[in-house]
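Colleague: Pasting in a structure now, in C-alpha cells, and then I'll have a few things to ask.
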Amino acid sequence: MKNKEWPKHSVLAIAVIATWLTTYVVYKTAFSITIDNALQEFILFLNPLSLLLFAYGGALFFKSKKAQNRYILVIAVLTSVILYGNVAFYRFFTDFITLPVLFQTDNFGDIGNSAAASIFWTDIVYFADIIIILLAMRFVNEKQTAAKSAATHRKAYFVLSAAVLFFNLGLAEAERPQLLTRSFDREMLVKNLGMYNYHLYDVYIQSKSQAQRALADGSELTEVTNYVRSNQAEPSEEMFGAAEGRNLIVVTLESLQTFVLNNEMNGETITPFMNELTQDEDTIYFPNFYHQTGLGKTSDSEFLLETGMYPLSGGAVFFTHSGNTFNSMAEKMGNEGYATNVQHANTKSFWNRDMMYESLEIDKFYDIQSFTVGEGEAVNWGMKDIPFFEQSVGHMSGMQQPFYTRLLSLTNHHPFTLDEEDKMIDEYDSNSGTLNRYFQTVRYLDEAVKTLFEDLKEQGLYENSIIVMYGDHYGISDNHNEAMAQYLDKEITPYESAQLQKVPFFVHIPGYEEGYVNEEIGGQVDMRSTILHLMGMETEKDIQFGGDLFSEEHEEFVIFRDGRFVTDEYVYAANVCYDIETGEPVEDQSACDPYAERALEELQYSESIINGDLLRFYEEENGQLKTLDEQEQP
Ligand code: GP9
Ligand code: MN
C-alpha cells in the first residue's frame, strides 16, 4: 500500500467518509430516531456530510502535509467527542445535549455523574473514524502535484460543500416545513440537519438570547410594571375562591376551534358531549375566546396559560428562553401546597418541555414513558386520547392532593388521521382532505373528553376538582379557506379568518349549579389570572398581561401574536378595521389606531421581559424590583 500512489487529498476524503459513516452508524445504533419513510432515512444518512466537508476542508488551507494531518486529527477528535458526548448523555436522558443543560446542572441533578455512569470501554467503537484516519495517515501515500492549483481546488471543494448543505436544507424543508423557525424538537433537528449542524444552530439560538439577557439590567421593568398595574382587573367578588382547595385539572384540547361546537356537519352533531357541557349547570362556557399562539403552537398556549405573557413573534419561547426566570401558575400553586404536573403522551423533549417545565417549576412531567400504549392504542402522532385520559386519571389517583395537573391531548392533531373503529361520523366532502377528516377527529376528541369526565367520577376525583379546558390553537389554517367557505357558506374574509381563531374555553366546577354562557371577549393570556382567582389566589403583584374574565374590570381587547386584535367594537386584520357586528370595514379606519398602538406596545413589553429575562430582577412576594445586591451576579 505504501508504494501505491493515491490521488491528492485522499486522507482528507477518507477522513470525511470515515466520520460520516461512523456518525450514521451511531445514529442507527445509539439513538432511537424514528424514521417514517425512505426520504427521512436518506436525509438522516446525508445530514452529517455538509458540516464534515466544511470542517475537514479547513485542512486545504495548510501548506505542509504535517499541518494538514494535525488539523484533520483535531477535527476528527472534536466531532467524535461531540458525537460520543451525545451518546453518553442520551443513554441517561434519552435526549440530545443542548447548551443550557451544560450550564444548568443544578436544574437537572448531576449530569456529569450520570453521564460518567453511562460510559463503557466498548464505546471505543464510537471512535472508529479516528482509528481509520490514523491508519490512512500512516499508510496512504498521496501523489504530489503542483501547489498552484491549490486555490482552485479549494474553491471547487467549498462550492461542493455548500451545494451539499443547501441540498440537505432543501430536503429538510420539504420534509419538515419551518423546521428552523419553529424548532419543534431536538430529535427532529438532529434528524433533518444532522448532529453537528444541530449543535451549531443550538449555539446560535442560545448565544442570541444570552446576549440580549446580558444587556438587560432590570431598569426596563419599572415601565413594564407601571403598564401592567394600570391595566389590572380586580377579581370578581363572586367568583374569587369559587374553587379554593380543589384539585385543578386543565385540559388542552388539541387544535379545537369554536366553530365546530354547537354545529353540525352534513346533519351530524360534531361535539355532542361538549355541546351539552356549554349548557351545563356547572359550566361557564366562553364562546368569544381566542387563541393567541404563534409559531410555538401548543407550547405557546402552555406559555400563555402558565405565565400570562405573550409568546414570541419568532420561534417557540419554550425553546429560545427555557432558562429564564418565570412566575408560573404552577409555581404559585406549588407555593400553596399543590402537587403540580403535566401529563402528555409524547417524547419529553418535544417543544423542549423537559427543560421548560423545570423553569416553570412544574414538579413532574408524565411523558410517554409514564404511559403504556397497548395494541391499537396509537394513531397519528401517538397515543390515542381515550386511553391517554384513562391512564392520566389513573396517575391522578396516586397523586398527593390537592394537585394541579395538566393533560395535553393529541389525537385531534394535523393530519387528523384515525383508525376506522374510532370514526364516529362521516368525512366531510370538500376539496380539503384536512378539513374533511378534522370533523372526525374532533368527534373523537369529544368522545375522549366524555370518557375523561366518566373516569374522574369513577375514581372519585370529580367532585373535589375544577376542570378547565381550552383549545390550544387553530386546526384548520387559511390554506383551507375554500373548503371552509363551503362549510360555513360564506366567504372567508380577513375578518372571518380572525373570528375563526376562536377556541373553546370551559370552566367546569362540579356542584356550582349556576352555569351560563359568558359572552365576554377574552384570550388565552387571561387564563392565568382567571384560574388563579377561582383558586382563591391573588395576582395583583404578578407581572402578567391578561385579566380575570369574571372581573367587572376585564377589558375586552384580545391581541393576537401577529398583531391582529379584537375589541368589543372592532376586529383588526390585514390592516383593515372591521366592525365586529357586521364584519364590514368601518367607515373611519382610524378608529382602530389607538388599539393598534397599544397592541404593539403590549407585545413589546412582553417580549422585553422574555428577551431580557427581566423577572430575575423582580421580587414576586412584594412586587418590588430587586435591589442591586439582591440581584444575581451575571
Ligand atoms: C406535541 C403536541 C402537538 O407534543 O403538543 O404540538 P403542536 O404541533 O400542536 O404544537
Ligand atoms: Mn397543538
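Colleague: Might you work out the accessible area of Tyr366 for me, using a 1.4 Å probe with all protein chains in place, and round it to the nearest 10 Å²?
Modeller: Answer for Tyr366: close to 30 Å² accessible.
Colleague: With every protein chain left in place, what is the accessible area of Arg91 in Å² (1.4 Å probe, nearest 10)?
Modeller: 90
Colleague: Now for a different question. Summarise the accessible area of the chain (1.4 Å probe, protein heavy atoms) by the percent that is carbon and sulfur.
Modeller: The value for the chain is 53 percent carbon and sulfur by accessible area.
Colleague: OK, next. Would you mind telling me the antiparallel percentage of the DSSP bridges in the chain, rounded to 5? Present the calculation step by step, with values, prior to reporting the outcome.
Modeller: On the way: 25 of 51 bridges.
Restricted to the chain, the bridges split so that about 50 percent are antiparallel.
Colleague: Counting only heavy atoms of protein chains, what accessible area per residue, in Å², does the stretch 1-65 have with a probe of 1.4 Å?
Modeller: Numbers: 3160 Å² over 65 residues.
I get 49 Å² per residue for this part.
Colleague: For the charge dipole of the chain, defined by +1 on Lys and Arg C-beta atoms and -1 on Asp and Glu C-beta atoms about the Cα centroid, which residue among Gln68, Phe42, Ser465 has the Cα displaced farthest towards the positive pole?
Modeller: Positive-most Cα among the choices belongs to Gln68.
Colleague: With the other protein chains left in place, how much accessible area per residue, in square angstrom, belongs to the stretch 234-546 at a 1.4 angstrom probe? Walk me through the numbers on the way to the answer.
Modeller: Details: 10100 Å² over 313 residues.
On a per-residue basis, 32 Å².
Colleague: Could you give the radius of gyration (one decimal) and Dmax (whole number) of the Cα atoms in the stretch 234-546, in Å?
Modeller: 18.4, 52
Colleague: Next question, about the same structure. Sticking to Cα atoms, compute the Rg of the stretch 367-498 to one decimal and its Dmax as the biggest Cα-Cα distance, whole number, in Å.
Modeller: Computed over the Cα atoms of the stretch 367-498, radius of gyration and Dmax are 17.1, 51 Å.
Colleague: Just the projected area, averaged over all directions, of the convex hull on the alpha carbon atoms of the chain: how many nm²? It would help to have the intermediate numbers written out before the result.
Modeller: Details: hull surface 132.2 nm².
It is 33.0 nm².
Colleague: On to the next question. Could you state the angle between the C-alpha long axis of helix 10-30 and the longest principal axis of the C-alpha atoms of the chain, as a value from 0 to 90 degrees rounded to the nearest 10?
Modeller: Here the helix axis deviates by roughly 40 degrees.
Colleague: Report the Cα centroid-to-centroid distance between the stretch 336-355 and the stretch 473-548 in angstrom, as an integer.
Modeller: About 23 Å separates the Cα centre of the stretch 336-355 from the one of the stretch 473-548.
Colleague: Sorted by average packing, counted as other Cβ atoms within 10 angstrom per residue and highest first, what order do 502-510, 39-47 take?
Modeller: Details: 502-510: 23.3, 39-47: 17.7.
In descending order of packing, they fall as 502-510, 39-47.
Colleague: Can you give me the C-alpha center-to-center distance between the stretch 262-298 and the stretch 399-424, rounded to a whole angstrom?
Modeller: So the separation of the two Cα centres works out to 15 Å.
Colleague: With every protein chain kept in place and ligands, DNA and RNA left out, what is the accessible area per residue of the stretch 574-627? Probe 1.4 Å, answer in Å².
Modeller: On the way: 2820 Å² over 54 residues.
I get 52 Å² per residue for the stretch 574-627.
Colleague: Per 0.36 nm of contour for each residue apart, how much would the distance between Gln589 and Ile35 grow if the chain were fully extended, relative to their Cα-Cα spacing? Please list the in-between numbers first.
Modeller: On the way: separation 554, 0.36 × 554 = 199.44 nm, distance 5.15 nm.
Residue separation times 0.36 nm, minus the Cα-Cα distance, leaves 194.3 nm.
The values are calculated or read from the model by the stated rules, or taken from the named source; none is laboratory data. Everything quoted here is computed from the prediction, not taken from an experiment. Note that each Cβ is placed from the backbone with ideal geometry, even for glycine, and that neighbours are counted across all protein chains shown. These area figures cover heavy atoms from the full protein model, side chains too; ligands, DNA and RNA do not enter into them. Shrake-Rupley method; radii C 1.70, N 1.55, O 1.52, S 1.80 Å.
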